[in-house]
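Chemist: Pasting in a structure now, in structure tokens, and then I'll have a few things to ask.
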Amino acid sequence: MNALVHFAAGLAGGLFALLLLDWHPRREFLTTFGSGFWALIPDGHWVFRGLGFDGIAGAWFAFHRSAFADLFWFHRLLDRSETGAPKAEMAVAVAVLLVAVGIYALLNDWNTA
């Protein structure tokens, strides 16, 4: 699955989770982006392989294929759901993210304390 799909899923998941919390907007903003990067962690094997660290990349890839990867915003589930149409997958992910942003903006109490 494309990294944009994982990042958008992490952002959307973070926004929905933040609706349950009442944090300062700055903390919520940083947490949202952190959530997007959290969803990318299982794909770290690509970075290590590109840098020539094949041993670490192999171990990371084994983790990527394990059920534990779903702790990162259902990373493995998304990878297993690939359709072969990456542009359509990205469009759906961005649409879901837009819905999440709209719901977050509508339901957040915007407490600045």
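The values are calculated or read from the model by the stated rules, or taken from the named source; none is laboratory data. Worth saying up front: this structure is predicted, and the values here are computed from it rather than measured. Every residue, glycine as well, gets a Cβ built from its backbone with ideal geometry; the counts of neighbours run over all protein chains shown. Please note that ligands, DNA and RNA were not included when accessible areas were found on the heavy atoms of the full protein model with its side chains. Shrake-Rupley method; radii C 1.70, N 1.55, O 1.52, S 1.80 Å.
Chemist: Evaluate the charge dipole of the range 66-113 about its Cα centre and quote only its size in Debye, nearest 20, assuming +1 on the Cβ of each Lys and Arg and -1 on the Cβ of each Asp and Glu.
Modeler: Charge dipole, the range 66-113, about its Cα centre: 80 debye, nearest 20.
Chemist: Select from the chain the helices, each a whole stretch of DSSP H, whose alpha-carbon atoms run 15 Å or more along the helix axis and whose Kyte-Doolittle mean is at least -0.5; answer none if there are none.
Modeler: Long hydrophobic helices here: 3-18, 25-38, 86-107.
Chemist: At 1.4 Å probe size, with the rest of the protein present, what percent of the exposed accessible area of the range 1-59 is carbon and sulfur atoms?
Modeler: 74 percent
Chemist: Tell me, what is the per residue accessible area of the range 25-113 in Å², probe radius 1.4 Å?
Modeler: Ligands and nucleic acids excluded, the figure is 68 Å² per residue.
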